Amino acid sequence: MPAVYVVDPLTDSRWDDLLEWHPRASVFHSRGWLEALKRTYGYEPIVLTTSGQGPIENGLALCRIRTWMSRRLVSLPFSDHCDLLVDRPDDLFAVLGFLAGEIGERRWSSFELRPRDIAAGPGILSGLAEGRRYYLHTLDLARPAEQIYDGFHHSSTQRAIGRAEREGLSYEAGTSERLLSSFYGLLRLTRRRHGLPPQPLAWFWNLAACLRDGLAIHVASKDGLPVAGILTLSFKKTMVYKYGGSDATHHRLGGMPLLFWRAIQEAQAKGIEELDLGRSDLDQPGLVAFKDHLGATRTTLTYCTCPERRTGSAHDGPIARAARRVVAHLPDAALDLTGRLLYKHLG
């Protein structure tokens with residue numbers, strides 16, 4: 001069995017070299033994403049690899065999460081997916097065996113892997129169980145724009161884009177403080193509608209600072225009033241839709257479909273070949289339908305855990321419903337504070 005080494009992806013340039021050539025590397029593996037996690041939540045990023053001296057030929061990126069609630073290893077926190085960049089079976093068994101040893105010796109209470117490809121998950125290691133499940137939508141952008149547009153749902157997406165254009169909605173993209181402020185206000189509105197606090201504002205500032213040109217905020221406005229906003233991340237030939245928010249009183253204007261259409265056009269102009277629309281909870285039919293109507297391909301994400309964890313929806317149960325009702329009526333300052341206190345423990 002190969003030896004396993006622990007390296008620091010924030011200081012070891014060999015990690016960047018691996019991401020440059022590995023076909024399954026994503027923005028969630030990148031130094032910028034890992035640095036933002038550390039700055040915002042205090043998580044410690046590490047990489048497990050069987051490469052000692054010389055170039056890193058494989059790796060599993062993780063964060064060590066230490067809070068008063070738990071001590072966990074997660075690959076990776078707040079990431080929709082994070083493939084194991086390990087191709088040879090012997091190396092994979094060694095890395096997963098190392099993780100199992102960490103749990104067996106009680107250094108950590110659990111670990112969670114979030115592979116995009118389930119073949120790198122359950123069944124490889126005794127005790128590794130299927131965890132939470134989500135839908136993942138991806139859209140092929142290596143086609144002519146006209147073909148992509150024709151794949152949009154006629155009544156719910158194409159018609160909405162036409163409505164937005166007739167209403168004269170303006171579109172702007174960038175990373176300015178003004179755009180981030182507009183986006184965060186829309187995100188807060190959306191999270192409140194769902195009975196959830198927004199992610200900490202510092203998280204978005206740190207993402208912008210660490211990812212730089214790899215992040216963009218897209219905002220649609222009506223007569224200067226922001227009505228919809230999305231945040232995207234770009235890495236190599238993929239753009240990821242990560243966060244979105246909107247003002248429900250202006251949904252009829254079609255701001256959100258317009259944003260995706262404009263973002264797709266800009267991505268194609270930069271040579272982007274795939275739009276990763278991110279994960280959706282199985283019990284969010286509205287969000288799933290919206291992504292379906294963009295003509296995206298739907299697959300299933302299955303996370304892996306050790307030891308086995310409860311996999312029920314975070315949205316079910318009377319306590320969860322009561323908590324959402326309370327959160328939905330908090331003033332903005334209290335809502336934001338709740339997010340700052342809560343998200344570090346969620347990971």
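Please count how many residues of the stretch 40-80 are in contact with a Cys (Cβ under 7 Å, 6 or more places away or on another chain) and touching a residue at least 40 places away in the same chain (Cβ under 8 Å). Outline the logic, then answer.
The first filter runs over the stretch 40-80 and keeps only residues in contact with a Cys (Cβ under 7 Å, 6 or more places away or on another chain), leaving 43-45, 61, 74-77.
Filter once more, keeping what is touching a residue at least 40 places away in the same chain (Cβ under 8 Å): 43, 61, 74, 76-77.
Of the residues in that region, 5 qualify.
Those residues that are assigned to a loop (DSSP other than H, G, I, E, B) and closer than 14 Å to residue 221 by Cβ, I need them from the stretch 169-184; list them, please. Full working, then the answer.
Taking the stretch 169-184 and keeping what is assigned to a loop (DSSP other than H, G, I, E, B), we get 169, 175-176.
169, 176, listed by residue number.
Which one of 201, 179, 196, 187 is closer than 18 Å to residue 40 by Cβ and touching a strand residue (DSSP E or B) at 6+ places or on another chain (Cβ under 9 Å)?
187
Any residue at all in the stretch 248-271 that's more than 18 Å from the chain's Cα centre (by Cα), surrounded by fewer than 16 Cβ atoms within 10 Å (Cβ to Cβ) and β-branched (Val, Ile, Thr)?
There is at least one residue in the stretch 248-271 that is more than 18 Å from the chain's Cα centre (by Cα), surrounded by fewer than 16 Cβ atoms within 10 Å (Cβ to Cβ) and β-branched (Val, Ile, Thr).
Can you list residue pairs whose Cβ atoms sit under 9 Å apart, with the first residue in the stretch 203-222 being of a type in the set (Asp, Glu) and the second being part of a strand (DSSP E or B)? Count only pairs 6 or more apart in sequence or on different chains.
What qualifies is 213/234.
Among what's in the stretch 42-91 and is touching a Ser or Thr at 6+ places or on another chain (Cβ under 9 Å) and part of a helix (DSSP H, G or I), pick the residue that is surrounded by the most Cβ atoms within 10 Å (Cβ to Cβ).
So, considering only residues that are touching a Ser or Thr at 6+ places or on another chain (Cβ under 9 Å) and part of a helix (DSSP H, G or I), the one surrounded by the most Cβ atoms within 10 Å (Cβ to Cβ) is 91.
Considering only residues that are at pLDDT below 95, outside any loop (DSSP other than H, G, I, E, B) and surrounded by 18 or more Cβ atoms within 10 Å (Cβ to Cβ), look in the stretch 115-168 and name the one that is nearest to the chain's Cα centre (by Cα).
My answer is 132.
Would it be correct to say that residue 277 is modelled with pLDDT under 95 and crowded, with 17+ Cβ neighbours inside 10 Å?
Details: modelled with pLDDT under 95: no; crowded, with 17+ Cβ neighbours inside 10 Å: yes.
No, not satisfied.
Only residues in the stretch 135-160 that are more than 16 Å from residue 257 (Cα to Cα) and without any contact (Cβ under 8 Å) to a residue 40 or more places away in the chain count as the first member; pair them with residues that are surrounded by fewer than 18 Cβ atoms within 10 Å (Cβ to Cβ) and of a type outside the set (A, V, I, L, M), Cβ under 9 angstrom, at least 6 apart or cross-chain, and list the lot.
Within 9 Å, the pairs are 143/151.
Tally up the residues in the stretch 274-294 that are among the polar types (S, T, N, Q) and not in a strand (DSSP E or B), please.
Residues of the stretch 274-294 that are among the polar types (S, T, N, Q), as a first pass: 280, 284.
Next, only the ones that are not in a strand (DSSP E or B) stay: 284.
Number of matching residues: 1.
The values are calculated or read from the model by the stated rules, or taken from the named source; none is laboratory data. The structure presented is a predicted model; accordingly, all values stated were derived computationally and were not measured. Neighbour counts are summed over all protein chains in view; Cβ atoms, including those assigned to glycine, are modelled from backbone coordinates with ideal geometry.
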